[in-house]
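The values are calculated or read from the model by the stated rules, or taken from the named source; none is laboratory data. Please read these numbers as outputs of a predicted model, since none were measured by experiment. All Cβ positions, glycine included, derive from the backbone under ideal geometry; neighbour counts span all protein chains shown.
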Number of protein chains: 4
Amino acid sequence: MSDSIARQKTSQSRILIHITFHQERNCMSILPPYTPPDFSRPELSNAPAVKVEPAPRDGVVPNNYHGTSNHPEYLHLGGGKWILATESRMDSVLILLNNTVDVVEARRVKKGDPVVIGRTENGEEGIYVHTTGFDPPAEAAADKFAFRTRGTRETPFSRSYDDLYQVLRHDRNNGYIVWVLGPAVAFDKDSRDAMQGLIENGYCNALLAGNALATHDLEAAYFGTGLGQDIYTQSLRPLGHYNHLDIINEVRRYGSIAKAIEELDLKNGIIYACEKKKVPYVLAGSIRDDGPLPEVIGNVYDAQDAMRIHARKATIVIAMATQLHSIAFGNMLASYQAQEDGTVRPVYLYIVDMSEFSADKLANRGSAQAVAILTNAQDFLVNLWNNLKMEEK
Amino acid sequence: MSDSIARQKTSQSRILIHITFHQERNCMSILPPYTPPDFSRPELSNAPAVKVEPAPRDGVVPNNYHGTSNHPEYLHLGGGKWILATESRMDSVLILLNNTVDVVEARRVKKGDPVVIGRTENGEEGIYVHTTGFDPPAEAAADKFAFRTRGTRETPFSRSYDDLYQVLRHDRNNGYIVWVLGPAVAFDKDSRDAMQGLIENGYCNALLAGNALATHDLEAAYFGTGLGQDIYTQSLRPLGHYNHLDIINEVRRYGSIAKAIEELDLKNGIIYACEKKKVPYVLAGSIRDDGPLPEVIGNVYDAQDAMRIHARKATIVIAMATQLHSIAFGNMLASYQAQEDGTVRPVYLYIVDMSEFSADKLANRGSAQAVAILTNAQDFLVNLWNNLKMEEK
Amino acid sequence: MSDSIARQKTSQSRILIHITFHQERNCMSILPPYTPPDFSRPELSNAPAVKVEPAPRDGVVPNNYHGTSNHPEYLHLGGGKWILATESRMDSVLILLNNTVDVVEARRVKKGDPVVIGRTENGEEGIYVHTTGFDPPAEAAADKFAFRTRGTRETPFSRSYDDLYQVLRHDRNNGYIVWVLGPAVAFDKDSRDAMQGLIENGYCNALLAGNALATHDLEAAYFGTGLGQDIYTQSLRPLGHYNHLDIINEVRRYGSIAKAIEELDLKNGIIYACEKKKVPYVLAGSIRDDGPLPEVIGNVYDAQDAMRIHARKATIVIAMATQLHSIAFGNMLASYQAQEDGTVRPVYLYIVDMSEFSADKLANRGSAQAVAILTNAQDFLVNLWNNLKMEEK
Amino acid sequence: MSDSIARQKTSQSRILIHITFHQERNCMSILPPYTPPDFSRPELSNAPAVKVEPAPRDGVVPNNYHGTSNHPEYLHLGGGKWILATESRMDSVLILLNNTVDVVEARRVKKGDPVVIGRTENGEEGIYVHTTGFDPPAEAAADKFAFRTRGTRETPFSRSYDDLYQVLRHDRNNGYIVWVLGPAVAFDKDSRDAMQGLIENGYCNALLAGNALATHDLEAAYFGTGLGQDIYTQSLRPLGHYNHLDIINEVRRYGSIAKAIEELDLKNGIIYACEKKKVPYVLAGSIRDDGPLPEVIGNVYDAQDAMRIHARKATIVIAMATQLHSIAFGNMLASYQAQEDGTVRPVYLYIVDMSEFSADKLANRGSAQAVAILTNAQDFLVNLWNNLKMEEK
């Protein structure tokens, strides 16, 4: 028991009183080391070189194409030379050209592109899918009977928060932080303020969202409402159902969000902070959109391409209150990032949602490494910013 | 109490034993009558004629434009002549040209188009929003204290089903039935069979969905799986994560869904039934898409335009297991339909979802007339088809 | 817009930076005034005196008994003398004896008790149910069309939090704060710490829960786990499924919780804080219980009686993460409290839960005045304590 | 593909058209065979005899007591003689007396009872926990990457239904079918009718519920409402909030449910069917109860004892729309049943609920063998009865 109490004392905690402790930690040690595959194992050292076949048509791949997962995948070029597919994602194919591999969506393949062939994973066809690179040393065998084997809203999230704080502090200077936001984040005053604070203080390298998030955030800056409801008092404003249409019309009149912010003298919010800090944002169109705002990308496959640019760089992703964007971006994300110095680090994916269904759904779409925090995005952001801002002072 | 029991006996019921009773009813009586506004009331008879202003630019509307709701809205042309805006939707504007009104999304407005101006609703500016046309005679005053004032999963849905059966039977010959489907409908054998049966027997005039529904339905026809999981046994097939990518690749190779169904000799499913019965379907793109299939509309605003064609005609809409498409289509739907003979009838909107949140969210986006049935789409479809097919024999 | 921004600045906010502002407010002004009924209105001044009939048997009430709501209810004693039923609750009956009224559950009625008769609410039978005592001045008419008329997880909760902080600060010295807790509160280190802090600092006058909350809280104090899962790291401890049984066995061996805390030298947690600060707690038994702990009340109607003692005194109730206890206690709570000086104040009921269903269900059981905050109880408690403890320093 | 289609044809389906096929199956083959442990394995053949220690006090067990799981557990009596603990449950202890083992809740242990000691599971202390008795032959290794590894509302339930139909048909004559019901089942006309049909036709050997289910079912029989809401039309009846109190008062007046059914001439419903068919039911009290009805067991530990009687006999349990009772009964259920002829068969546990959280929560409380069907209990019952009643005709 004394061991347990001692351990508890090491928590930095959502509760701010413990925060000083945290800052003594060596942040560089927080990333787990990566163990590459042992290519001297017989099944790998005897593996054949990988094969390719030309794509038969633009956007069509050959039979028996290899589809990527989000794990590190290595290709055997022959002679014991293996290369890692970097900037990977799931559900794409591998184009191998001049001993360089590129992970490409099938729709972007051109006729004749050399597509890697084979669906085995242990070297049989020169492909090795490496799922254990970040594993901790083996754990003891599990009990035959146990409670609480599934994550739910009753799972304790204290450490998840603490880990997240650490990674964010680390990656602010040594990574690429991507936020994926649903519109609910802009509907509440405190969470909107918190998100603004995070962006203004370097905790956001890219923001991915849809027309609704940007629209309602600008609506809040201009009218103090979200879809007509006061973001502080909850009161429904008279004729408030016009507000988001009016702000869209204003932005369309000025031709761009940046110009509208200037002309309308908007002074707060998420999009305001992105513009001020030159943080890139991608607004992907959807069939639910009013407007849209001029910056919204109407063709969803162009939007995917724009999002993928950030997926290639991401070291941590926080996706909140949007199943559509979370699954879309989760899908184009690898679980690892090869860094410039050749080392490999994990890519963290945090999902913040109210329902077990959303977290499970993401896992069911392949993003099993995602860490779910089941709570309201409003409180999540407030917690996060209350903690991280302590360092700003 | 005897009254209550008698009434209960009149139910046709999800339970099939009572089904013969139902068929004796006069289906034509099921639609509630519409009471037009009383334009002789002083505030309307004294109303000014409505005003318009030209749009300043393509896709930009004048200040003080009138935004539409999903209620019947009447415009005063002057001299006591009022016209109803037909084929309406919410969050759009009214173009009044040659005494004819068209309900147009702001993004489709052209420079100079005469846009109706004014935000009052009771005739003050020549606009009357009529919210009580389908109201039953006034009810007695409510108690000061009551239980169960909110609809939840515990609300009894027996009558909702019965009403729905009636409207579907009626509208099969006298209306336009639109289905809006999420991919989960194709993930289960029974629900997929049921949906196929409904389409093949005339209960679907148009189907709206995304790339995923069509992909997984074709995957089921070809592989018997949905995203790699057997749609009957739940078992995960070896390498099943390739299945949906493989079927997409096949369809892309053949160039169209119709051609692929023929060449691959597919014989069942939702899309198969649509093709066989020439039921139009709209597949709207989203950032979550793999592929996409060739028929998917990549630009979401083009997709909106394609969906709106069916919104203009719809008399009943059933939206299941998709928040994105449900809200999108709910947004472009009026609560009424002006028929060729000049009469006005309600447009029914049924939402089938597992969570109160989804039903509430649709209401919060303005579709307050939607009837929510909180259940799994699988069982809903099986119930529906078990009942409706009784007439087919 | 400037108005909107100004208003936003007055928010004290979950975000701590604004906290100083709040402390300047006059806390006594936070409670809305109560407007008693106007008994000079004809329907009240002409009302007959209320009638009673004797209960025919123990635990059986006469036909046409009057059932209570949670609103203020007044009885006419005759001659224009009306009395308010104090310490009321819903679904009970009124015993009128010697011009004093007592609100009693039907099961506690004794044969011959004079039970108030009548089911009208506007004085027709000498009973007046007053639903508008705390209403603000009349608001402007609502729009015919509006978004966001229903509360969901997307509702902005910033002000709900701020109001709650104020009421808790006020009622710490001038009210009776009751917490109703589900076991999940003890499953997470931070929320458990926060709840301990709230109790130790006077923000809890009574705690209502079940065997599970107490058991898992003591389990956490002894083993650092909740149902075998580490409350900080989430790891499942070897043989952890014994932990809660072991602590129950220990407490049963010592004969009481207080004795076990002393003997086992437990030093933290929710129950520890209650014992230390002499805060009364009621542990009501349920069929889900292991053990139980010695203090648990096995007969649920005895437990109801023990809970009702606190319901009679409560001025604010916060119910978290338990549908059973929330609805049970909501049921025995009035919406008002008659204070010693004769004034009437509201009783606040906050429901913290993850699902719209739980909040709706409480409303459907009559507690329509409840304020729902849809979030994880963990974050709710951390927010609360982060804010309230600022004053402690 | 032809294989997949063929397999699909073997489904009996929620869709009734395939029902004849099913009846040809040999129902006796549906139960999987049980493979007992191989006691000749060295770790078991060399195992010591199990040890016991006397309980130190009534309701207190010795240190290092062995706590039961819901798996088959065997005790070594010495000399190679092992006995199976029958009628087991989780979270209890083993009393070994005269070479007979009894699974007893700790609260029911008497001072001096010989309690089995030891927490190892593989024979080290004479205890063997056997988790693989019903396992099918080993399956092929799983892919390194797969979708849909978690059960959600999107999981296909067609086969779950078909399996359930089969087991119910089998167990109607060869087992013991227990239903655990939440009150929502009585709130809807169709589901209430279906449940009545199932009981009247032999598909229910015992019914477990609370005061609310019985109250609202009797309310429906008397008033046609559930908590004041018409169970068919959804309309709220005037003064309907009295209905459940009135029916409780009537039953209390008559002294018993059976007498009230007779005197009030009630003719339909769940409780009516139980009384008519002499199906035993246990109504366990809870702190949420109004009333209660006379048959309700107010002490929850007495209620547990009454429920356990049915748990000892159950071969299939269907728990619907109640987390409290589902977890309570799941807790006292073993995953196996030793039959009179010495063979061992599985005990099926189906959970019907709307939320992944409820299904996960049950699993987190140890009932990992539960089959979850995520849907509305209303539709589940209608499906079930539509299918099963086909045989009745």
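As an exercise: evaluate B:Pro33 against (1) surrounded by 15 or more Cβ atoms within 10 Å (Cβ to Cβ); (2) not in a helix (DSSP H, G or I) and give the number of the one condition it does not meet.
That leaves (1) as the condition not met.
Between a first residue in region A:142-166 that is closer than 20 Å to A:Leu384 by Cα and within 14 Å of chain D (Cβ to nearest Cβ) and a second residue that is assigned to a helix (DSSP H, G or I) and among the aromatic types (Phe, Trp, Tyr), which pairs have beta carbons less than 8 Å apart while being 6 or more apart in sequence or on different chains?
Listed by first residue and then by second, the contacts come to A:Arg153/D:Phe357.
Give just the number: which of (1) buried (at least 24 other Cβ atoms within 10 Å of the Cβ); (2) out of contact with any strand residue (DSSP E or B) (no Cβ under 7 Å at 6 or more places or on another chain) does A:Lys278 not satisfy?
(1)
Of the residues C:Ala142, C:Ala106, which single one is surrounded by 20 or more Cβ atoms within 10 Å (Cβ to Cβ) and over 21 Å from the mean Cα position of the chain (by Cα)? Walk me through how you get there before you give the answer.
Values: C:Ala142 fails: surrounded by 20 or more Cβ atoms within 10 Å (Cβ to Cβ).
Step by step, each of C:Ala142, C:Ala106 is checked, and only C:Ala106 is surrounded by 20 or more Cβ atoms within 10 Å (Cβ to Cβ) and over 21 Å from the mean Cα position of the chain (by Cα).
All but one of (1) free of Cβ contacts under 8 Å to residues at least 40 places away in the same chain; (2) surrounded by fewer than 17 Cβ atoms within 10 Å (Cβ to Cβ) hold for D:Leu264; state the number of the condition that does not hold.
Evaluating D:Leu264 over (1) free of Cβ contacts under 8 Å to residues at least 40 places away in the same chain; (2) surrounded by fewer than 17 Cβ atoms within 10 Å (Cβ to Cβ) leaves (1) as the failure.
Go through the residues of region D:227-242 one by one and say whether even a single one is crowded, with 22+ Cβ neighbours inside 10 Å, closer than 28 Å to B:Ala377 by Cβ and away from chain B (no Cβ under 11 Å).
no
Looking only at residues that are among the hydrophobic types (A, V, I, L, M, F, W, C) and more than 9 Å from every other protein chain (Cβ to nearest Cβ) in region B:267-295, which one is farthest from the chain's Cα centre (by Cα)?
Kept after step one, since they are among the hydrophobic types (A, V, I, L, M, F, W, C), are these residues of region B:267-295: B:270-271, B:273-274, B:279, B:282-284, B:287, B:293.
When the remaining residues are screened for being more than 9 Å from every other protein chain (Cβ to nearest Cβ), the result is B:270-271, B:273-274, B:279, B:282-283, B:293.
Working: B:Ile270: 18, B:Ile271: 18, B:Ala273: 20, B:Cys274: 17, B:Val279: 16, B:Val282: 13, B:Leu283: 15, B:Leu293: 24 Å.
Only one residue tops the list, namely B:Leu293.
Across region B:312-357, which residue is farthest from B:Val300 (Cα to Cα) among those that are aromatic (Phe, Trp, Tyr) and within 11 Å of chain A (Cβ to nearest Cβ)? Reasoning before the result, please.
The initial filter retains those residues of region B:312-357 that are aromatic (Phe, Trp, Tyr), namely B:329, B:336, B:348, B:350, B:357.
Narrowing the set further to residues that are within 11 Å of chain A (Cβ to nearest Cβ) leaves B:329, B:357.
Values: B:Phe329: 12, B:Phe357: 25 Å.
Filtering region B:312-357 for residues that are aromatic (Phe, Trp, Tyr) and within 11 Å of chain A (Cβ to nearest Cβ), the one farthest from B:Val300 (Cα to Cα) comes out as B:Phe357.
Can you report the number of residues in region A:1-58 which are at pLDDT 65 or above, touching a Gly at 6+ places or on another chain (Cβ under 8 Å) and within 30 Å of C:Asp230 (Cα to Cα)?
Of the residues in that region, 2 qualify.
Take the residues of region D:359-371 that are facing another protein chain (nearest Cβ under 7 Å) and part of a helix (DSSP H, G or I): which is nearest to D:Tyr336 (Cα to Cα)?
Checked region D:359-371; the qualifying residue nearest to D:Tyr336 (Cα to Cα) is D:Ala363.
Would you please name the residue that is modelled with the lowest pLDDT, looking only at residues in region D:145-194 that are in contact with a helix residue (DSSP H, G or I) (Cβ under 6 Å, 6 or more places away or on another chain), buried (at least 24 other Cβ atoms within 10 Å of the Cβ) and of a type in the set (Lys, Arg)?
Per the criteria, the residue is D:Arg148.
Answer yes or no as to whether A:Thr343 is modelled with pLDDT under 95 and closer than 26 Å to A:Thr132 by Cα. Spell out the reasoning first.
Working: modelled with pLDDT under 95: yes; closer than 26 Å to A:Thr132 by Cα: yes.
Yes; evaluated as a whole, the condition is true for this residue.
Filter region C:336-378 down to residues that are among the acidic types (Asp, Glu), touching an Asp or Glu at 6+ places or on another chain (Cβ under 7 Å) and free of Cβ contacts under 8 Å to residues at least 24 places away in the same chain, then give me how many there are.
Taking region C:336-378 as the starting set, the residues that turn out to be among the acidic types (Asp, Glu) are C:340-341, C:353, C:356, C:360.
Those still in the list that are touching an Asp or Glu at 6+ places or on another chain (Cβ under 7 Å) too: C:356, C:360.
Imposing the further condition that a residue be free of Cβ contacts under 8 Å to residues at least 24 places away in the same chain reduces the set to C:360.
Going through region C:336-378 one residue at a time, the tally reaches 1.
With respect to the numbered conditions (1) facing chain C (nearest Cβ under 9 Å); (2) modelled with pLDDT of 95 or more; (3) more than 21 Å from the chain's Cα centre (by Cα), which one is the sole condition not fulfilled by A:Gly197?
A:Gly197 satisfies every listed condition except (3).
Assuming B:Ser235 fulfils every condition listed in (1) polar (S, T, N, Q); (2) in contact with a helix residue (DSSP H, G or I) (Cβ under 9 Å, 6 or more places away or on another chain); (3) modelled with pLDDT under 95 apart from one, which condition is it?
So B:Ser235 meets the others, but not (2).
Between a residue in region D:237-256 that is touching a residue at least 24 places away in the same chain (Cβ under 8 Å) and any residue that is part of a helix (DSSP H, G or I) and β-branched (Val, Ile, Thr), which pairs come within a Cβ distance under 8 Å, given they are 6 or more apart or on different chains?
D:His244/D:Thr215; D:Ile247/D:Thr215; D:Ile248/D:Thr215; D:Val251/D:Ile257
Which residues, counting only those in region A:120-130, are touching a residue at least 12 places away in the same chain (Cβ under 8 Å) and surrounded by fewer than 16 Cβ atoms within 10 Å (Cβ to Cβ)? Before the answer, list the steps.
First pass over region A:120-130, keeping only residues touching a residue at least 12 places away in the same chain (Cβ under 8 Å): A:122-130.
Residues satisfying the conditions are A:Asn122, A:Glu124.
Quick check, is C:Glu391 more than 10 Å from every other protein chain (Cβ to nearest Cβ) and either among the small types (Gly, Ala, Ser) or assigned to a loop (DSSP other than H, G, I, E, B) (or both)?
Working: more than 10 Å from every other protein chain (Cβ to nearest Cβ): yes; either among the small types (Gly, Ala, Ser) or assigned to a loop (DSSP other than H, G, I, E, B) (or both): no.
For C:Glu391, the condition - more than 10 Å from every other protein chain (Cβ to nearest Cβ) and either among the small types (Gly, Ala, Ser) or assigned to a loop (DSSP other than H, G, I, E, B) (or both) - is not met.
Suppose we keep only residues that are surrounded by 24 or more Cβ atoms within 10 Å (Cβ to Cβ), of a type in the set (Val, Ile, Thr) and over 23 Å from D:Leu245 (Cα atoms) within region C:297-339. Which one would you say is nearest to the chain's Cα centre (by Cα)?
Ranking the qualifying residues of region C:297-339, first place goes to C:Val317.
Condition first: crowded, with 20+ Cβ neighbours inside 10 Å, more than 10 Å from chain D (Cβ to nearest Cβ) and in a helix (DSSP H, G or I). Can you find one or more residues in region B:372-388 that meet it? First the steps, then the outcome.
Start the filter on region B:372-388 by keeping residues that are crowded, with 20+ Cβ neighbours inside 10 Å, which leaves B:372-388.
Then drop every residue that is not more than 10 Å from chain D (Cβ to nearest Cβ), which leaves B:372, B:384, B:388.
Restricting the remaining residues to those that are in a helix (DSSP H, G or I) gives B:384, B:388.
Yes; the residues of region B:372-388 include at least one that is crowded, with 20+ Cβ neighbours inside 10 Å, more than 10 Å from chain D (Cβ to nearest Cβ) and in a helix (DSSP H, G or I).
Are any of the residues in region C:311-318 at positive phi, of a type in the set (Lys, Arg) and at pLDDT 95 or above? Even if it seems obvious, please write down each step before you answer.
At the first step, the residues of region C:311-318 found to be at positive phi are none.
Checked against the condition, which is being at positive phi, of a type in the set (Lys, Arg) and at pLDDT 95 or above, region C:311-318 yields no hits at all.
With respect to B:Arg253, is the statement that it is more than 14 Å from chain D (Cβ to nearest Cβ), within 16 Å of the chain's Cα centre (by Cα) and surrounded by fewer than 21 Cβ atoms within 10 Å (Cβ to Cβ) true? Talk me through it step by step, then tell me what you get.
Details: more than 14 Å from chain D (Cβ to nearest Cβ): yes; within 16 Å of the chain's Cα centre (by Cα): no; surrounded by fewer than 21 Cβ atoms within 10 Å (Cβ to Cβ): yes.
Considered against the rule, which asks whether it is more than 14 Å from chain D (Cβ to nearest Cβ), within 16 Å of the chain's Cα centre (by Cα) and surrounded by fewer than 21 Cβ atoms within 10 Å (Cβ to Cβ), B:Arg253 comes out as no.
Does any residue of region B:361-376 turn out to be over 25 Å from C:Ala359 (Cβ atoms), touching a Leu at 6+ places or on another chain (Cβ under 6 Å) and of a type outside the set (Val, Ile, Thr)? Step through it out loud before you land on a result.
As a first pass, look at region B:361-376 and keep what is over 25 Å from C:Ala359 (Cβ atoms): none.
No.
Tally up the residues in region B:50-76 that are part of a loop (DSSP other than H, G, I, E, B) and in contact (Cβ under 8 Å) with a residue 40 or more places away in the chain, please. If you could, list the steps in order and put the result at the bottom.
Quick first cut of region B:50-76, residues part of a loop (DSSP other than H, G, I, E, B) only: B:50, B:55-56, B:58-59, B:61-64, B:66, B:68-72.
Still in the list and also in contact (Cβ under 8 Å) with a residue 40 or more places away in the chain: B:50, B:55-56, B:58-59, B:61-62, B:64, B:66, B:69-72.
Final tally of qualifying residues: 13.
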